[in-house]
Structures are given as C-alpha cells and as structure tokens.
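Please treat every number below as a calculation from the coordinates, not as lab data. Here the structure is a predicted model, which means the values were calculated and not measured. Cβ coordinates were reconstructed from backbone atoms using ideal geometry, including for glycine residues, and neighbour counts include every protein chain displayed.
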Amino acid sequence: ILTGLASALLYLHEECGDPVVHRDVKPSNVMLDSEFNPYLGDFGLARLLKNVDGVTTMVAGTLGYIAPEVSFTGKVTTESDIYSFGVVVLEVVCGRRFNNLLGENCLVDYVW
C-alpha cells in the first residue's frame, strides 16, 4: 500500500507534466480496491505548480499531516506532500493513528 501511494505521489510530482501538489495526503484519502491496490483520492485541495519554488496559498489540509513550513509560510511544494506521506508511513509502521501534535500519547513521543 505504501509503495503504491509513493508511486502516486511520484506521478503527481514528476511524471504528469506540471507538478501537482495534493495538499491532503492522509489515510482516509487512500482508497483500496478488492485486491488492496491503493488509489489516492480527494483532489479538492490539490494545486498545480507552474513554479518549482512552490505556490503561496491559504493553509489547507488536515492538522497533523500539514508540513510545519506550510503552516508558517503558506507556501506548498511537492516536499509538503512528502512530509504528509511520512506521517502516514509513521502511522503504518507504529500501528497507531495520529492523535495530537504535542502532549500525552502523541505519535512522535511514542516513536522517540
């Protein structure tokens, strides 16, 4: 499932012409068919990048999956999606869902 999701991001970021930033990579946006092939869905927040330096926009996405630099600058890049993908990988490897950024039982503290 993770390699399929990574392939979908590779296609969006490098293989489909102008890069597309999904901006909301999270488990609930990964759909599986009957053979467990993953498909990335919900492109409602996606943006086309015509400038490789990224695009400045309103912060959008799901808390916990948004790259920290996007929260501060509003600038999204393909790397922003990779951060979100990393959170999904962390959840899969740990067998735990993201619950909060800081505080008791946060996923980062669990890993650390």
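Between Glu15 and Thr3, the contour length at 0.36 nm per residue exceeds the alpha carbon distance by 2.7 nm.
Among residues other than Ala8 with Cβ under 15 Å from its Cβ, the summed charge is -4 (Lys and Arg +1, Asp and Glu -1). When the label point is put 7 Å from the Cα of Ala60 along its Cα-to-beta-carbon vector, which residues of segment 15-29 have a backbone N closer than 19 Å? Answer for this model: 18-29.
Note on Phe72/Ala46: beta-carbon distance plugged into 1/(1 + (r/R0)^6) with R0 of 30 Å gives a FRET efficiency of 0.90.
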